[in-house]
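The values are calculated or read from the model by the stated rules, or taken from the named source; none is laboratory data. No experiment lies behind these values; they were computed from the predicted model shown. Note: ideal-geometry Cβ built from the backbone for every residue, glycine included; neighbour counts use all protein chains shown.
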Amino acid sequence: MTKDPDLRTPAEICRELEIARSTFWRWRNTPGFPEPIKKNKMQMIFRISEVKGFLSDQRIMDAAVGAYESSSAKRAAGSSTQASLRDYFAVRAMQGICAHDDNWGCDVKAIAEQSYELADAMLAARVKP
């Protein structure tokens, strides 16, 4: 039986990506992180391609959130940037949709629409007593 070259233990992932184990376990607790493939009761293995895909998607979302936070600071200083709390919620909703295996069955346009529908629902829920 040959070993699947895509499978890695957490320790191997840490070495390959040059990260601390604590970083790996923080990522592991992030929604959307790939599920482990159980090797036995004591050890997990992951597909490195799925982990790298997750990180790529996560970096895109983090960049969007960073842009929102930056624009919030500019707005507070009097800039006319258009980002809003609604946009921030939509980014987070989009992250959740994209983390799902089949993107909720949505194409790109539907993902955007669903994200803003969820953002509107979150804003409505914020004002309830």
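Pairs only if they're at least six apart or on different chains, beta carbon under 9 angstrom, first in the range 92-115 and touching a residue at least 40 places away in the same chain (Cβ under 8 Å) and under 10 Å from Gly32 (Cβ atoms), second buried (at least 16 other Cβ atoms within 10 Å of the Cβ) and hydroxyl-bearing (Ser, Thr, Tyr); list them, first residue then second.
Gln95/Ser115; Gly96/Ser115
Which numbered condition in (1) surrounded by fewer than 17 Cβ atoms within 10 Å (Cβ to Cβ); (2) in a helix (DSSP H, G or I) is the only one that Phe89 fails?
Here Phe89 meets the rest and fails (1).
Determine if the range 96-114 includes at least one residue that is among the polar types (S, T, N, Q) and farther than 21 Å from Gly53 by Cα.
So far as the range 96-114 goes, yes, one or more of its residues are among the polar types (S, T, N, Q) and farther than 21 Å from Gly53 by Cα.
Cβ contacts < 9 Å: first residue free of Cβ contacts under 8 Å to residues at least 40 places away in the same chain and over 12 Å from Leu55 (Cβ atoms), restricted to the range 8-31; second residue surrounded by 11 or more Cβ atoms within 10 Å (Cβ to Cβ) and among the polar types (S, T, N, Q), any location; separation 6+ or different chain. Result?
Thr9/Gln43; Pro10/Gln43; Cys14/Thr23
Taking helices (runs of 4 or more DSSP H) that do not extend beyond the range 6-77, which have at least 3 residues that are closer than 17 Å to Cys98 by Cα and modelled with pLDDT under 65?
Passing ranges, in order: 48-76.
Could you please find all residues in the range 97-117 being closer than 17 Å to Thr30 by Cα and out of contact with any helix residue (DSSP H, G or I) (no Cβ under 8 Å at 6 or more places or on another chain)?
Result: His100, Asp101.
In the range 17-55, which residues are within 11 Å of Asp6 (Cβ to Cβ) and of a type in the set (Phe, Trp, Tyr)?
Scanning the range 17-55 gives a single hit, Phe46.
State whether the residues of the range 101-114 include one that is under 27 Å from Glu12 (Cβ atoms), assigned to a helix (DSSP H, G or I) and either modelled with pLDDT under 80 or more than 10 Å from the chain's Cα centre (by Cα) (or both).
No: zero hits.
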